[in-house]
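Right, one structure below, let's go through it.
Every number here is computed from the coordinates shown, using simple stated rules; none is lab data. The shown structure was predicted, so the numbers you read here are calculated from the model rather than taken from an experiment. Because the Cβ atoms are built from the backbone with ideal geometry, glycine has one as well, and the counts that use them run over all protein chains shown.
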Amino acid sequence: MVLINGVDYTIGPKANLANADLSGANLEGADLTSADLANADLTSATLTGANLTNANLANADLTGVKSGSISGNPTLPSGYSLINGYIVGPKVNLANADLTGATLTDANLRNADLRGADLTGVDLTGAILIGAELDGANLKRADL
């Protein structure tokens with residue numbers, strides 16, 4: 001058990017972390033293989049400010065995960081990447097994210113929540129945006 005933000009969490013392979021608030025957590029070296037980081041209704045885990053140095057999330061379900069200011073070099077599932085401190089990939093929650101100037105060439109953002117995100121000057125060439133929620137997103141100077 002690990003105490004994070006006043007709550008005890010079991011961290012390890014196949015951990016169920018749906019809706020967990022892991023913001024600011026030090027998960028350096030954590031093995032979250034097959035961890036359930038979200039549930040079907042997109043209620044998701046929060047990893048904002050987490051240290052994911054050498055954390056293994058290779059088979060984790062990242063549906064609806066909220067992120068930002070993540071540090072480290074985690075192993076992520078295929079189709080996901082860490083860009084500007086955000087986990088970017090299909091079905092992630094990037095609402096209000098500041099991705100100004102990011103290179104998201106060929107990124108899979110299928111069904112991602114980008115509402116209110118700052119995508120100013122972002123390179124979205126070849127990005128998959130099918131089903132992405134873009135209400136209120138700033139696409140000024142974005143390359144689509």
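A few remarks follow.
- Dimensions in Å of the range 83-144 - Rg and Dmax from alpha carbons: 9.7, 24
- Size descriptors for the range 1-108 (Cα atoms only): Rg and Dmax, in that order, 12.6, 39 Å.
- Of the peptides 128-134, 8-14, the order by per-residue mean of other Cβ atoms within 10 Å, starting with the highest, comes out as 128-134, 8-14.
- If R0 is taken as 22 Å, the Cβ-Cβ distance between Ala58 and Asp143 corresponds to a FRET efficiency of 0.15.
- 5 angstrom amide H check on Asn26, placed H, neighbours 5+ away: Asn51
- Scanning residues 5 or more positions from Ile83 or on other chains, those with amide H under 5 Å from its amide H are Val88, with H placed 1.01 Å from N in the peptide plane.
- Positive dipole terminus of the chain, leading residue within Tyr86, Asn54, Ile11 (C-beta point charges): Tyr86
- Magnitude of the charge dipole for the range 70-131, about its Cα centre and with charges confined to Cβ atoms of Lys, Arg (+1) and Asp, Glu (-1), is about 200 debye.
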